[in-house]
Structures are given as structure tokens and as C-alpha cells.
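Participant: What follows is a structure written as C-alpha cells; I'll ask about it next.
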Amino acid sequence: MQQLLVIDTSLKPDAALNRLTQTFASQCPYQQIQLATHLVFLAPTDDDEDEFMGICEAVRDTDILAIGIPEQVDQSAMRILVTRMLALKTDNPFSYKQLVLLTPTKDVDEKLFDVWSQVACHLNMDLVEVIDDVRSAKRAGHHLFQTVATTPVRFVFHYHRHK
């Protein structure tokens, strides 16, 4: 069975995001990390209090990484998470993981999508779903957590525009 880790970047509880997470993960046991309750510095540091490497160890033991992003992106710790993920120099725990974005908004901001597409490319991850409502959460959960390996119905591809 696939292992799922959900990293919630909300600074405060978000009912809509929690509903999406519970619907998506209803067919699979999962671990959830509330990033706001962990001490993660913006810049990499040797400080013993920084808990980012502990989060990386949890990622290492999972197959699917879901990132919960609240509708109000500016009220999240997403920037810190992205910065620290991209700052990894060696021993990348994110490599070969399936990445799912959970964001309770009808219109996923193109900038948000671009950021996570670039993160996925940089860290050798597969961005397989963007979940923005309960219906897409049920469908994605059904396809990603089946016992027989199948290809998700909807792939998310991103092509970078060269200037």
C-alpha cells in the first residue's frame, strides 16, 4: 500500500483544506505535518532547533507527498517550505515522489502552479494532481490509492516558456 504524507502549510486551521485532505486520504492511512507547529528556519542552519531535516525523514518514508496550501497563500508557510526544499544540496528525500497539491480554491493561481512545477522538476518529483474541490479529491484518492498500480486519470504537465 502506498504511504501518504500531507504537509499542511496553513498558519492557522483551515476547515476547507482539512475537508479536502480528509476526502483525498480517506482510502489510505496517512501522516500529517502541520508546518506551523514546527520550527523551520527560512535559511538552512546548523541550529539544533530547526526541524526541517526531521520533516525530510518523514518524506523519505513516503510514496506520495501532498502539500496543503490555504486559499490565502500569503497566510501560509509555503514560501519557507519551498525555499528549504530547493536549498537541499545532497541526499534529496523528495526524489521520485508523487506530488499532489491540495488547495481549496476554484481558480488555482498560475504563479502557484508555476512554483510547484519548478519545485517538482528541480527535485525530480512527479506533479500528478492539483486538487481544488471534494470531487477532484475523491477521484484522485481513488486512482492513487488503488491496490493495483494504475495511472492517474489526469496528469498535470507543465511546459516552461523560454523567453
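Only the coordinates and a few stated rules stand behind these numbers; no lab work does. Here the structure is a predicted model, which is why all the values come from computation and not from measurement. Cβ coordinates were reconstructed from backbone atoms using ideal geometry, including for glycine residues, and neighbour counts include every protein chain displayed.
Participant: So, in nm, how far is label Leu39 from label Lys111 when the simple model puts each one 7 Å beyond its Cα toward the Cβ?
Facilitator: In this crude spin-label approximation the distance works out to 3.1 nm.
Participant: Quick one: net charge of Ala66's neighbours, Cβ under 12 Å, K/R +1, D/E -1?
Facilitator: -2
Participant: Over the chain, what is the percentage of antiparallel beta bridges among all DSSP beta bridges, to the nearest 5?
Facilitator: 5 percent
Participant: When all C-alpha to C-alpha distances in the chain are sorted into bins of 5 Å, what percent of pairs does each bin hold, rounded to whole numbers?
Facilitator: In order of increasing distance, the bins hold 1, 9, 19, 23, 22, 15, 7, 3, 1 percent.
Participant: Before rounding to the nearest 500, sum -39500 (n - 2.57) across all DSSP H runs of length at least 4 in the chain and divide by the residue total; then give [θ] at 222 nm in deg cm²/dmol.
Facilitator: Helix contribution divided over all residues of the chain: -9500 deg cm²/dmol.
Participant: With point charges of +1 on the Cβ of Lys and Arg and -1 on the Cβ of Asp and Glu, referenced to the Cα centre of segment 4-144, which listed residue (Pro70, Ser95, Gly141) lies farthest in the positive direction of the dipole?
Facilitator: Projecting each Cα onto the dipole axis, the largest value belongs to Gly141.
Participant: Based only on other Cβ atoms within 10 Å, what is the fewest-to-most ordering of Glu51, Glu57, Glu129?
Facilitator: Final ranking by Cβ density, sparse to dense: Glu57, Glu51, Glu129.
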